[in-house]
Every structure is written in structure tokens, then in C-alpha cells.
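**Student:** Right, I'll just put the structure down here and ask away after.
The values are calculated or read from the model by the stated rules, or taken from the named source; none is laboratory data. All of these numbers come straight from a predicted model, not from anything done at the bench. Glycine also receives a Cβ, built like all others from the backbone with ideal geometry; neighbour counts cover every protein chain displayed.
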Amino acid sequence: MASKEWTDKYKDKILSGNQAIKKIKRGTRIFLGTGCGVPFHLMQELAKNAHKMADNEIIHMISLGDTPSADPHFQEHFRHNTFFVSDNIRSAVYDGRADYTPTHLSDIPMFFSTRRIPLDVALIQVSPPDEHGYCSLGISVDITKSAAEHADLVIAQVNENMPVTHGDSFFHLRDINHLVCHNEPIREFEAEEPDEKSDLIGSYVARLIENDSTIELGVGKLQRAAVKHLMNSDVRDLGIHTERFGDCIIDLIESGIVTNKKKSINRNKITTSFAMGTQKLYDYVNNNPMFEFRDTSYVNNPSIIAQNHKMVAINSALEVDLTGQVCSDSIGHRFYSGIGGQVDFIRGASMSPGGKAIICMSSTALDGTVSRIVPRLSEGSGVVTTRGDVEVVITEYGQATLRGRTIRERVLSLIAIAHPQFRNELLEAAKEMRYVFSDQIPFQVKGTYFPLEYEAHEMFEGPDGEVDVRFRLIRPDDSDRIKELFYGLSEESIFFRFLTPLESLRRQTLQDFYNVDQSRDISIVATICCDEDGTTERIIGAGRYLLDWHKNEAEFAILIHDDYQKKGIGTYLLGHLMRIAKSKGVKVFLAYVHPENQPMIRFLQKFGLSMVLESYPNIQENEYIFKLIL
């Protein structure tokens, strides 16, 4: 519909911004559109008319940039009530001049429709109408659509720069009380560039995303880092189901990584609620049928999210305690952000077949002086996501898988991804709380337990067909999986590995497996995945070497579960250990073998090791010693 046609037809609804704001009575509740879709002109006019207002509540979700109505000067006229504490409203909430309403994003439309939170006025921003009189809410459907549908008075800023988006974004002019024609640039938002920590976190996130997954993709630097690593991966045919997104989504689409064609629901569509980005993004979504904008009662509904197979939810936290409780909306008693859609997506992804619920955060805060992994949440900090909901926590030091794990396993997993400076302090706190054994050995590793240079994977024939075996550094939380490996061995395998007929595995012996100082010794495990989502491992083999600094010789040992022996796994594992040792300058590999262990002797001879004739000080009568120059 041409501009003159619709303005002529609806001229009785058209007012200036000043005139429209004067229609708002004192003491009313005013909804303000979301994020980059905020009707900024109307917001400015509201502030200009503050002297005529009194006790007006302004309710919104995310607001960007200058928010004059939150200025202390206007506190007698306006009081903000936000569902999410953004940067520009945080000081007002801290000072008690604004309210914060904690809630799941999926519930907010219901609050409006049932009038649990009644709305007197909705200030929204729309595109010019089409030939049928329908305007688009453009980049901001979220809770704005519901607010406009249930407010008593709707004032819309009609802006030619607002993109027309597909989905449930349309609103008819007949349902709008007053129209304010004012063109201005749509607010823009650009996330920070990923730093080194974010880049590492993004790399761990990207490694968890499989082909055909559907992902929640936000607008922060962590998400940008994950996208960067996805762009350099082999993953394909991803789908998007997310409450909000930014510019980096364009790269994923144009590279062919995001196709949406394997989604379980809303196939071939990006299902979303609102966009926050640059003009490039707004031009991209304009009239683009790939994007389907829906309100949060749909997009954030856990039962809808769960219908996406391999749903990956990526969210952030401010603090995580050793049991897995997540605080993401407050720092102590001070509210910092909000619940938002975190719980909606965490629960949806947890229910999804093959889904993953991921929490990301840097290991420290305040320039490295404070650990974000803590023995207990800070006083006043709220639990946003419970210890029963989180599946994976990621820091720049790696990932801790929590779901289905005991408190003891969780504690060891989380300490392993804490900053090395705080690991043993956290361990001592865990001992005091009886979360771990009192004789649990300290953490030796000074860096990450997830070094890429120690990782590898290869396909092998297993007892029930081909399996993908992954090789990685052993971790303290592997103790129970090592026990399972031990008790799955035959008596002969146990005797030849330990050179004594062990009937049980003492805790000290078990701890010796993973008590590894990477600067000297290396212990690698061979694992297979034993669940649909790829996060539960079974250890089927282990290999390690211990370095004699004085001679620069390393004694090594290999142990493979009986069901996986003679399939090439031990050969690969030994070769992997040798590659690592050689990279560290180790010159000699030694193996102590029982004379009756003929399979191992043949294996070592085949590998190129030769029996040593000269005596070694610690050699026993029941041992042969084999040597290989690396």
C-alpha cells in the first residue's frame, strides 16, 4: 500500500509523537517495545512529557542505549519494571529506583493475556502497512506481540526502516489506536569481539555440535566465538531455534552450515523471537522467508524446543557451585541480568533426543582474582538453573559433564575446568563439605585437562561392529570409569598389567592413574560413547608413560579391555603415546613385561621394541625389559 493511500485511509489515527503521548494517563502501566525494536522516538517523547506524568510504570524486557525515563530526575514520574536487567537500567535497579521481575521468558505473554500483569498502554514500532493493512513488528516479536494484543491502548511508531519479517509478526492497523509516522534508524547492536578466553570456550562448544543439530544462538561474544569455530569445522545441516540472534548467523547460512532442512519441526525455517544486530542483519531478514518470527510463548516453550532433535542450548552464567547450581541473574544480592530464556532452553534441550544443555563462562572474574566456580554460591545469589538441569559446563579450561553424575564426580569435573590457581583451594573446600574423599590427591595439572594436542580419534572394529574410539588425557573425574575398566578385565589381563593377582583396586592405586604432571608424565585413555547425545563415555583402554628425568627414558604401560584387544586399539594408543613423548623430547621408551605374557612380547617386537640385555637396577626376576629409541 502506497504511503498516501494508507495515511489517507487511517488519517484519523495519525498523531504526532507529542500528541500520542498526551493520550497516556497518570498512574498507568506502559509497555515499551524490546531491544533494537524499541520505538525510540516515542520513548523520547515520553521523557519530554514527564512533567505531565505521575506514577507511571514502564514495563519492558531488554532496552538498549539511552533510556531517559530511567534518569533519577524522573523518578517521581516513571518507575521502570524490567524482566531483564540491561546495562542501561542496571544502576536504577541497584539504587532501588527500578524493579526487576524474575520470570521465564516463555511465561511473559501469559502474564499479559491473563492480566496477571495488566497493560494499559503499549508503545511499539512497526513497518508501514501492506495493501491489506498489516504492519510487521519486524525484528521484535518476542513479548511485544502479546503486549500489543492485550494492552488497552496501542500507540505504534510507523517507521519505514523497520524490516518486514515473516511468521507471527503481523499486526493490523485496525488494532492500533494511534499511529505516529516517524522514520529513524533502527537501533543497532554489535557484540564484543571474542577474546582469547571466549575463543577457547567457543572451540569447546563447537566440538559438541554434531551434524543435523538445531542450536540456540544468542548475540554475545561467546556465541560469536562458537560460530567462528563452526565455520572452520566439518559440521553441516544445522538448524536454528533461538529467542534472539545477531549478525554472525549470516555467515553460517551463506557458508551452507545452517540449512534448517534437517530440523524436526519448523523445517527449512529459522525459528526466532527477536534480532539484535547491525543494518546488514536487518536488510538480510527483510522479507526473507527463511526467518519465522514467533512470540516467546512459542519460541521459548520447552515442550516446543524439545521437539527439535539434537537441540543444543548455549547459555552463560555468572557463577556455578561445585554441585552444579547455576546463578546467572545476580551477583550476590545485586541483580545483574535476568532469568531470560535460559531455563526454557536448558530444559527443552535436556528433553530433546540427543540434545545438549550447555552453560558457558570464563573461569574467573575481576581480572582473575575471583573464581566463578565456587564451593557455594555467594550470599544472596539466586539459583536460576538447578543442579538437576545442567548437562555440560564449559570454561576456557574445558568441559565438565554433570548430568547423571554423582556429587563427587561433579565436584572433580568442575574443579578440573576451574582456573588452576583455585583448583586445590576448591578441593579443600569440597573435602570439608564431605563431597569428595578426605584423601583425594591434589590437582597437579597447571593448565587444561583438555589439550587438543593430546586428543585423537579413529574408527576400529568393536565386538558389536565399528566404533569411534577417542583418545584423550585422563582426568580426576575418570576414577569410576577406570574402576569399570579394571573390573571388566580378565584375571590374566590384571596379572600381566600389575604383575600381581589383584582382586580389588585400592583408591590410592586408582588415584595414581590420573595423578599426572603433564610436564613430565602422560596418561591417555581410550573411550567410546555410550549414549545418544555423545556426552557419556566408557573407558575401554588406558596407556601411560612415566619419565625418568635423569636418563630421559620413559617407562610405559598399556591396558585394553579384553573385548577390545587384538583390534589395533593398543597399537594406536602406543603410537599416540610415542608421538606425544617425542614431541616433548623423550628419547627412550621402556616396557617391563612378564615373561609369560607372550601376546604383549609379540606386540612389542612387532612394534620395533627389542629386549634389553644390559641390566636395569629395578628389574625383577619375573620381568623382561624392552627398549625403543624414539
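**Student:** Check off (1) closer than 26 Å to I139 by Cα; (2) out of contact with any helix residue (DSSP H, G or I) (no Cβ under 7 Å at 6 or more places or on another chain) for P72 and give me the number that stays unchecked.
**Tutor:** (1)
**Student:** Please go through the range 545-575 and pick out each residue that is within 14 Å of K606 (Cβ to Cβ) and without any contact (Cβ under 8 Å) to a residue 60 or more places away in the chain. Before you say what the answer is, go through the steps one by one.
**Tutor:** So the first thing to find is which residues in the range 545-575 are within 14 Å of K606 (Cβ to Cβ), and the list is 558, 566, 568, 570-572, 574-575.
I558, K566, G570, T571, L574, G575 - these are the residues of the range 545-575 that are within 14 Å of K606 (Cβ to Cβ) and without any contact (Cβ under 8 Å) to a residue 60 or more places away in the chain.
**Student:** Restricting to the range 423-468, name every residue that is assigned to a loop (DSSP other than H, G, I, E, B), in contact with a Ser or Thr (Cβ under 8 Å, 6 or more places away or on another chain) and surrounded by fewer than 18 Cβ atoms within 10 Å (Cβ to Cβ). Show your work before the answer.
**Tutor:** Taking the range 423-468 and keeping what is assigned to a loop (DSSP other than H, G, I, E, B), we get 433-451, 455, 463-464.
Keeping just the survivors that are in contact with a Ser or Thr (Cβ under 8 Å, 6 or more places away or on another chain) gives 435, 446.
K446, the sole residue that qualifies.
**Student:** Could you please give the count of residues in the range 373-418 that are out of contact with any Gly (no Cβ under 7 Å at 6 or more places or on another chain) and either assigned to a loop (DSSP other than H, G, I, E, B) or of a type in the set (D, E) (or both)?
**Tutor:** Residues in the range 373-418 being out of contact with any Gly (no Cβ under 7 Å at 6 or more places or on another chain) and either assigned to a loop (DSSP other than H, G, I, E, B) or of a type in the set (D, E) (or both): 18 in total.
**Student:** Against the conditions (1) surrounded by 15 or more Cβ atoms within 10 Å (Cβ to Cβ); (2) at pLDDT below 85; (3) not hydrophobic (A, V, I, L, M, F, W, C), where does E553 fall short? Just the number, please.
**Tutor:** (2)
**Student:** Can I ask one more? Those residues that are of a type in the set (S, T, Y), assigned to a loop (DSSP other than H, G, I, E, B) and under 23 Å from K221 (Cα atoms), I need them from the range 303-353; list them, please.
**Tutor:** Initial filter on the range 303-353 (of a type in the set (S, T, Y)): 303, 316, 323, 328, 330, 336-337, 350, 352.
Those still in the list that are assigned to a loop (DSSP other than H, G, I, E, B) too: 323, 328, 336-337, 352.
Answer for the range 303-353, where residues must be of a type in the set (S, T, Y), assigned to a loop (DSSP other than H, G, I, E, B) and under 23 Å from K221 (Cα atoms): S328, Y336, S337.
**Student:** Which count do you get for residues in the range 384-422 that are over 24 Å from A226 (Cα atoms), within 18 Å of the chain's Cα centre (by Cα) and buried (at least 17 other Cβ atoms within 10 Å of the Cβ)?
**Tutor:** 2
**Student:** Can you tell me which condition W6 does not meet? The list is (1) under 22 Å from V164 (Cα atoms); (2) surrounded by fewer than 23 Cβ atoms within 10 Å (Cβ to Cβ); (3) without any contact (Cβ under 8 Å) to a residue 60 or more places away in the chain, and all the others hold.
**Tutor:** For W6, the exception is condition (3).
**Student:** Turning to a different aspect of this structure: Looking only at the range 580-630, filter to residues that are under 24 Å from D517 (Cβ atoms) and in contact with a helix residue (DSSP H, G or I) (Cβ under 7 Å, 6 or more places away or on another chain); which one of those is modelled with the lowest pLDDT?
**Tutor:** L630
**Student:** In the range 191-208, how many are at pLDDT 95 or above and not in a helix (DSSP H, G or I)?
**Tutor:** Total meeting the criteria: 0.
Listed here are the residues, each with its yes/no results for (1) surrounded by 18 or more Cβ atoms within 10 Å (Cβ to Cβ); (2) in the same structural domain as V285 (by TED's automatic domain parsing); (3) acidic (D, E).
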position	(1), (2), (3)
F171	yes, no, no
N177	no, no, no
P194	yes, yes, no
K197	yes, yes, no
I201	yes, yes, no
Y204	yes, yes, no
E210	no, yes, yes
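**Student:** Go through (1) hydroxyl-bearing (S, T, Y); (2) over 21 Å from S198 (Cβ atoms); (3) in a loop (DSSP other than H, G, I, E, B) and name the single condition S362 misses.
**Tutor:** Among (1) hydroxyl-bearing (S, T, Y); (2) over 21 Å from S198 (Cβ atoms); (3) in a loop (DSSP other than H, G, I, E, B), S362 violates only (2).
**Student:** What pairs can you find where one residue is in the range 593-620 and at positive phi, the other is at pLDDT 75 or above, and their Cβ atoms are less than 9 Å apart, with a gap of 6+ or different chains?
**Tutor:** G608/L628
**Student:** If you don't mind, there's one more thing I want to ask. Mind listing whichever residues of the range 385-436 are touching a strand residue (DSSP E or B) at 6+ places or on another chain (Cβ under 7 Å) and small (G, A, S)?
**Tutor:** A400, S413, A416, A418
**Student:** Quick one: which of G348, G340 is farther than 25 Å from L427 by Cβ and out of contact with any Leu (no Cβ under 9 Å at 6 or more places or on another chain)?
**Tutor:** Numbers: G340 fails: out of contact with any Leu (no Cβ under 9 Å at 6 or more places or on another chain).
None of the other options fit; the residue is G348.
**Student:** If I go through the range 17-32 residue by residue, how many of them are farther than 23 Å from S146 by Cβ and of a type in the set (K, R)?
**Tutor:** Qualifying residue count for the region: 2.
**Student:** What's the number of the only condition in (1) over 13 Å from the mean Cα position of the chain (by Cα); (2) among the hydrophobic types (A, V, I, L, M, F, W, C); (3) in a helix (DSSP H, G or I) that I240 fails to meet?
**Tutor:** Tallying (1) over 13 Å from the mean Cα position of the chain (by Cα); (2) among the hydrophobic types (A, V, I, L, M, F, W, C); (3) in a helix (DSSP H, G or I), I240 fails exactly one: (3).
**Student:** Look at the range 270-299 and say how many of its residues are more than 20 Å from N159 (Cα to Cα) and either part of a helix (DSSP H, G or I) or under 22 Å from the mean Cα position of the chain (by Cα) (or both).
**Tutor:** Step one: of the range 270-299, the residues more than 20 Å from N159 (Cα to Cα) are 270-272, 289-292, 294-299.
Filter once more, so that each one left must be either part of a helix (DSSP H, G or I) or under 22 Å from the mean Cα position of the chain (by Cα) (or both): 270-272, 296-299.
Residues in the range 270-299 being more than 20 Å from N159 (Cα to Cα) and either part of a helix (DSSP H, G or I) or under 22 Å from the mean Cα position of the chain (by Cα) (or both): 7 in total.
**Student:** Looking only at the range 220-234, decide whether some residue is in a loop (DSSP other than H, G, I, E, B), buried (at least 16 other Cβ atoms within 10 Å of the Cβ) and not small (G, A, S). Step through it out loud before you land on a result.
**Tutor:** Taking the range 220-234 and keeping what is in a loop (DSSP other than H, G, I, E, B), we get 220, 232-234.
Within this subset, residues satisfying the condition of being buried (at least 16 other Cβ atoms within 10 Å of the Cβ) are 220.
Among the residues that remain, those that are also not small (G, A, S) are: none.
For the range 220-234, residues in a loop (DSSP other than H, G, I, E, B), buried (at least 16 other Cβ atoms within 10 Å of the Cβ) and not small (G, A, S): absent.
**Student:** In this structure, is A313 surrounded by 24 or more Cβ atoms within 10 Å (Cβ to Cβ), closer than 30 Å to Y100 by Cβ and in contact with a Cys (Cβ under 8 Å, 6 or more places away or on another chain)?
**Tutor:** Details: surrounded by 24 or more Cβ atoms within 10 Å (Cβ to Cβ): yes; closer than 30 Å to Y100 by Cβ: yes; in contact with a Cys (Cβ under 8 Å, 6 or more places away or on another chain): no.
In short, no.
**Student:** Could you please find all residues in the range 257-311 being hydroxyl-bearing (S, T, Y) and over 25 Å from A191 (Cα atoms)?
**Tutor:** Residues of the range 257-311 hydroxyl-bearing (S, T, Y): 259, 264, 271-273, 278, 282, 284, 296-298, 303.
Of everything in the range 257-311, those that are hydroxyl-bearing (S, T, Y) and over 25 Å from A191 (Cα atoms) turn out to be S264, S297, Y298, S303.
**Student:** Right, another one. Collect the residues in the range 318-340 that are aliphatic (A, V, I, L, M) and in contact (Cβ under 8 Å) with a residue 60 or more places away in the chain, keeping them in residue-number order. Before the answer, list the steps.
**Tutor:** First, the residues of the range 318-340 that are aliphatic (A, V, I, L, M): 318, 320, 322, 326, 331, 339.
Selection gives L318, V320, L322, V326, I339.
**Student:** Right, next: So if I check each of F335, F345, which one is aromatic (F, W, Y), closer than 20 Å to I62 by Cβ and modelled with pLDDT of 95 or more?
**Tutor:** From the options F335, F345, the qualifying one is F345.
**Student:** Would you mention how many residues in the range 511-537 are crowded, with 17+ Cβ neighbours inside 10 Å and outside any loop (DSSP other than H, G, I, E, B)?
**Tutor:** Adding up the residues that qualify gives 10.
**Student:** Starting from the range 459-472, take each residue that is more than 15 Å from E537 (Cβ to Cβ) and in the same structural domain as V525 (by TED's automatic domain parsing) and list its partners that are β-branched (V, I, T) and outside any strand (DSSP E or B), counting only C-beta distances under 8 angstrom and pairs at least six apart or across chains.
**Tutor:** Short answer, once both residue conditions are applied: F460/I569.
**Student:** Right, next: Just checking, does the range 33-49 include any residue being more than 14 Å from F74 (Cβ to Cβ), touching a Pro at 6+ places or on another chain (Cβ under 8 Å) and in the same structural domain as I139 (by TED's automatic domain parsing)? Write out each step before concluding.
**Tutor:** Our first condition is that a residue be more than 14 Å from F74 (Cβ to Cβ); within the range 33-49, this holds for 33-42.
Filter once more, keeping what is touching a Pro at 6+ places or on another chain (Cβ under 8 Å): 33.
Now restrict to residues that are in the same structural domain as I139 (by TED's automatic domain parsing): 33.
Yes: the range 33-49 contains one or more residues that are more than 14 Å from F74 (Cβ to Cβ), touching a Pro at 6+ places or on another chain (Cβ under 8 Å) and in the same structural domain as I139 (by TED's automatic domain parsing).
**Student:** Sticking with this one: Hey, does the range 225-239 have a residue that's among the polar types (S, T, N, Q) and closer than 22 Å to M61 by Cα?
**Tutor:** Within the range 225-239, the subset among the polar types (S, T, N, Q) is 232-233.
Filter once more, keeping what is closer than 22 Å to M61 by Cα: none.
No, the range 225-239 contains no residue that is among the polar types (S, T, N, Q) and closer than 22 Å to M61 by Cα.
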